[in-house]
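Note sheet for the following structure.
The values are calculated or read from the model by the stated rules, or taken from the named source; none is laboratory data. Bear in mind the structure is a predicted one, so any value in this text is a computation, not a measurement. So basically every Cβ, Gly included, is an ideal-geometry build from the backbone, and we count neighbours across all protein chains shown.
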Amino acid sequence: MTLSPAEHGYSGPVIEVAGLVKEFSNGTRALQGVDLRVQSGETVVLLGANGSGKSTLQKCLTRLVAPTSGTVRVLGTEVTTASKREITRLRCDVGVVFQKINLVRELSVLTNVIHGSLGRAGSPRNWFAMTARSEQRDEAMEALERVGLAHVASRRAEQLSGGQQQRVAIARTLMQRPKMILADEPVAALDPRAGRQVMDLLWQVTEEEGLTLICTLHQLELARIYGHRMVALREGRVDMDTYMHQVEDEQLEGLYTEEDEAPHAQHADQHEHPEPSLTNLSGAAR
Amino acid sequence: MSAPVSNAVRPVSGAAGQHELPPRFRAPRWSSVLVLAVMLGLSVQGLLRMDISWSRAMQGPSNVWDFFMNSVPPNVGRFENLALLMLETLEIALIGTIIGVVLSLPAALIAARNTTPWLPLAWFMRLVLTTLRSVPDLVWALIFVMAVGLGPLAGILAIAVDVLGFAGRFFAERIEEIERGPMDAVRSTGASGAAVVVGAVLPAAFASFTATSLYCLEKSIRGATILGMVGAGGIGMELTPAFNLRQYDTALMIIILILVVVLAAEQLSSTVRKRMLGADQLTRAM
């Protein structure tokens, strides 16, 4: 299944973002002119404090959030101007791994994985594991084997631990046969060990399938270990875009210093807007 | 993402004495006072205007005692006839509830703001459901007796409409409470709207839908017992004549039958609910 960049059918970068601005209706400017190019097969770790615009940027890539201005081009689709159908097709090609895992808890693990195929094999038969086509059932089992959870295929999703659930979510993403994976703090809800397991799996899958991966992270240690290319956002702008081995620890830490932590309170004027990042995120969640 | 924003917890420096202690009591809002005054006024005005005769109220207990003495033992002579009517009542309730619940599903999906195809349509559907709900089932029975003539069909239709108004609203509210994440996750694989509903909405809402439907069945059985009073079939048609002709023993027999069936229905629905919630949810948490 591994495809070289050329076989994807488009040469050059798979993500091209230029001058991207997102202003929410409440006036929060989550993104203030972001430029980003990602080549096919690249893995990018996206860093930044809460409210720096990471999630909004990721959501703009598949227009879960509509950009205010600027251009976004993903997998050859002009996201800002694409029709609804083109966006749906793009979303089929982009697997998303969520911080909150987002399995349908009441359904079996197998059903959840089969649902990954709904975009490309949307037959109503695939709504339930019971009635799904044999091809999809077999493929889902294979995906579960790959994440090491084939033995719990018939359990209800809510009966698994957080780490297992996130691995099931990765199996669901595999089932989607994506060309790109967007992971939004995939291990924030997990304990360190389960987190490492999920990160290993994510990187392994990405490499085996030759996928492009954009992964936002909070944990600097993990970013250090897994990151190759690193893009850091700060207040809606790209603050750093470099390779992980060229970055000093202090620079990374610096991304997370807030104005009230700095001994010299140079941003005291911002105190009128006490929680810009929170309003920002609730806007993004819509 | 739910991590607190650090500048929200900034301590107030040296300002400990500047803030006033909140007062122990606050004057109630004028709107609360107004509502209370209107309710009190209506009650007093009603008691004065209706010219309630206390002597007649005093006679009540002895009349009830009379009824009780004359009704024991209940008349079992017409048991077979009455039991058959009770069965008809039960069937009216069951069929009506099934029709109502089946219609409630699409109605709720339209009325719920997170699944509606078009927002104004959701408002309209809510309006329709509210209207259906605010007309009592006995009035619906009168309307349908007029429309389709005397008999159980009118009863079935009345129950169905009543259930639609009730279940439609509660289903819609449940759908609106469903976690956003799993729906977004299924949607992000490029799945169709129908697939999202079947794959993520219905599984999450199923338990609640079943509980609501069972409650509707209970309510319908209670309601169906008196529909006969206006000629819409069922045991109610025997109840009014029994009282008018002072056949209190027959009346008691009917009341006993109703009691047994309603209690049985309640028992059934609480058993099913227990099964569904599981032992875990029903152990004491306090």
Scan of the stretch A:180-198 for residues that are within 12 Å of A:Leu213 (Cα to Cα) and surrounded by fewer than 24 Cβ atoms within 10 Å (Cβ to Cβ), ordered by number: A:Asp184
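Please find, among B:Ala285, B:Ala195, the residue that is under 30 Å from A:Gln176 (Cβ atoms) and either aliphatic (A, V, I, L, M) or part of a helix (DSSP H, G or I) (or both).
On the way: B:Ala285 fails: under 30 Å from A:Gln176 (Cβ atoms).
Answer to the check: B:Ala195.
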Hey, A:Glu139 surrounded by fewer than 18 Cβ atoms within 10 Å (Cβ to Cβ), more than 9 Å from chain B (Cβ to nearest Cβ) and assigned to a helix (DSSP H, G or I) or not: no
Pairs with Cβ under 6 Å, 6+ apart, first in the stretch B:170-186 and closer than 19 Å to B:Leu105 by Cβ and more than 8 Å from every other protein chain (Cβ to nearest Cβ), second surrounded by 17 or more Cβ atoms within 10 Å (Cβ to Cβ) and not hydrophobic (A, V, I, L, M, F, W, C): B:Phe170/B:Thr212; B:Phe171/B:Ser104; B:Arg174/B:Ser208; B:Ile175/B:Thr115
Out of A:Val72, A:Val104, sole residue that is out of contact with any Lys or Arg (no Cβ under 9 Å at 6 or more places or on another chain) and in contact (Cβ under 8 Å) with a residue 12 or more places away in the chain: A:Val104
Breaking point among (1) away from every other protein chain (no Cβ under 12 Å); (2) modelled with pLDDT under 90, for A:Asp200: (2)
Inter-residue pairs, beta-carbon under 7 Å, first farther than 30 Å from B:Met237 by Cβ and of a type in the set (A, V, I, L, M, F, W, C) and in the stretch B:258-286, second exposed (fewer than 14 other Cβ atoms within 10 Å of the Cβ) and at pLDDT below 90, 6+ apart: B:Leu282/B:Lys274
Hits in the stretch A:106-149 - residues which are farther than 15 Å from B:Thr189 by Cβ, more than 23 Å from the chain's Cα centre (by Cα) and among the hydrophobic types (A, V, I, L, M, F, W, C): A:Phe128, A:Ala129, A:Met130, A:Met141
Exclusive hit being crowded, with 17+ Cβ neighbours inside 10 Å and farther than 20 Å from A:Arg177 by Cβ, set A:Ser117, A:Ser108: A:Ser108
